[in-house]
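Structure first, commentary second.
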Amino acid sequence: MSAEFELEKQSFCDLKALNNTEHHVAFKVKTTSPKKYFVRPNTGVLQPWDSCVIRGALQAQREAPLHMQCKDKFLLQSAIVLPNTDVDELPPDTFNKDSGETIEECKLRVVYIPPTTAQGNLEDKALENSTQSSDANLTLQRLKEERDAALRQTQQLQQDLDMVKRRPKNNLGFSLMFAGFVGLIGFMVGFFLNHLLSSPPTTE
């Protein structure tokens, strides 16, 4: 059984008891520290295939246990009883092993959970999401800057190509070589730019 532990506050833990037999079953809940815990119902009778919720309440504590370690335990006992048996009509030896009846037992250890654990998990998750969002924004900004740089370089190469076309014909050989060189660079930049624009960044 686990309960969120806070000083000077009452803590609760619910336990579901299920009768998955065709018999009427009586149950009883015991604890090693009856002054610390309030259990309701601590005794009852379950009809076949019936269930009930048992609530255990830890009374408000003024001091926390060392290292939040708890040695308290609960014992849930059950035994088959006659049909239509009322809880107030249970014999005193119903849960006595010396009576010769079959008694089923289930032992439960108490675990204290610090209240900051749940809040800390939420804060860690929020920080992780914030970090992932920041990384995605930085990646997107870097790709935009590379795209703008590629556009500026393409415009500059186009201007250089226009200047080459306007040069005198006696430099035709050099001009054609330069134009081919500029065209090749423009093709490479255009291919890189197209790749950037068609591959948006993905985030996990």
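The values are calculated or read from the model by the stated rules, or taken from the named source; none is laboratory data. Please read these numbers as outputs of a predicted model, since none were measured by experiment. Note that we place each Cβ from the backbone using ideal geometry, even for glycine, and neighbour counts take in every protein chain shown. When the accessible area is computed, the model is the full protein with side chains, heavy atoms only, and any ligands, DNA or RNA have been set aside. Shrake-Rupley method; radii C 1.70, N 1.55, O 1.52, S 1.80 Å.
Looking at the stretch 7-26, which of the residues that are in a strand (DSSP E or B) and surrounded by 12 or more Cβ atoms within 10 Å (Cβ to Cβ) is farthest from the chain's Cα centre (by Cα)?
First, pick out the residues of the stretch 7-26 that are in a strand (DSSP E or B): 11-18, 24-26.
If we keep only those that are surrounded by 12 or more Cβ atoms within 10 Å (Cβ to Cβ) as well, we get 11, 13, 15, 17, 24-26.
Values: Ser11: 23, Cys13: 21, Leu15: 23, Ala17: 27, His24: 40, Val25: 38, Ala26: 38 Å.
The qualifying residue farthest from the chain's Cα centre (by Cα) is His24.
Any idea which residue in the stretch 32-50 is least open to solvent (accessible area, probe 1.4 Å), counting only those that are of a type in the set (Val, Ile, Thr) and under 34 Å from the mean Cα position of the chain (by Cα)?
Initially, the stretch 32-50 is screened for residues of a type in the set (Val, Ile, Thr), giving 32, 39, 43, 45.
Okay, now just the ones that are also under 34 Å from the mean Cα position of the chain (by Cα), so 32, 39.
On the way: Thr32: 91, Val39: 17 Å².
So, considering only residues that are of a type in the set (Val, Ile, Thr) and under 34 Å from the mean Cα position of the chain (by Cα), the one least open to solvent (accessible area, probe 1.4 Å) is Val39.
Please verify whether Gln69 is under 31 Å from the mean Cα position of the chain (by Cα), open to solvent by less than 60 Å² (accessible area, probe 1.4 Å), at pLDDT below 90 and of a type in the set (S, T, N, Q), treating the condition exactly as stated.
Details: under 31 Å from the mean Cα position of the chain (by Cα): yes; open to solvent by less than 60 Å² (accessible area, probe 1.4 Å): no; at pLDDT below 90: yes; of a type in the set (S, T, N, Q): yes.
Answer is no for this residue.
Would you point out the residue of the stretch 72-96, among those that are in contact with a His (Cβ under 8 Å, 6 or more places away or on another chain), without any contact (Cβ under 8 Å) to a residue 60 or more places away in the chain and open to solvent by 90 Å² or more (accessible area, probe 1.4 Å), that is nearest to Arg109 (Cα to Cα)? Applying the filter and picking the extreme gives Ile80.
So which of Val53, Val29 ends up being surrounded by 14 or more Cβ atoms within 10 Å (Cβ to Cβ), free of Cβ contacts under 8 Å to residues at least 60 places away in the same chain and not in a loop (DSSP other than H, G, I, E, B)?
Values: Val53 fails: surrounded by 14 or more Cβ atoms within 10 Å (Cβ to Cβ).
Within the list Val53, Val29, the selection yields Val29.
Test Lys35 against the stated conditions and say whether it is over 18 Å from Arg109 (Cβ atoms) and part of a loop (DSSP other than H, G, I, E, B). Yes, satisfied. Residues in the stretch 97-107 that are open to solvent by 40 Å² or more (accessible area, probe 1.4 Å), modelled with pLDDT of 85 or more and either assigned to a loop (DSSP other than H, G, I, E, B) or under 21 Å from Glu6 (Cα atoms) (or both): Thr102 alone.
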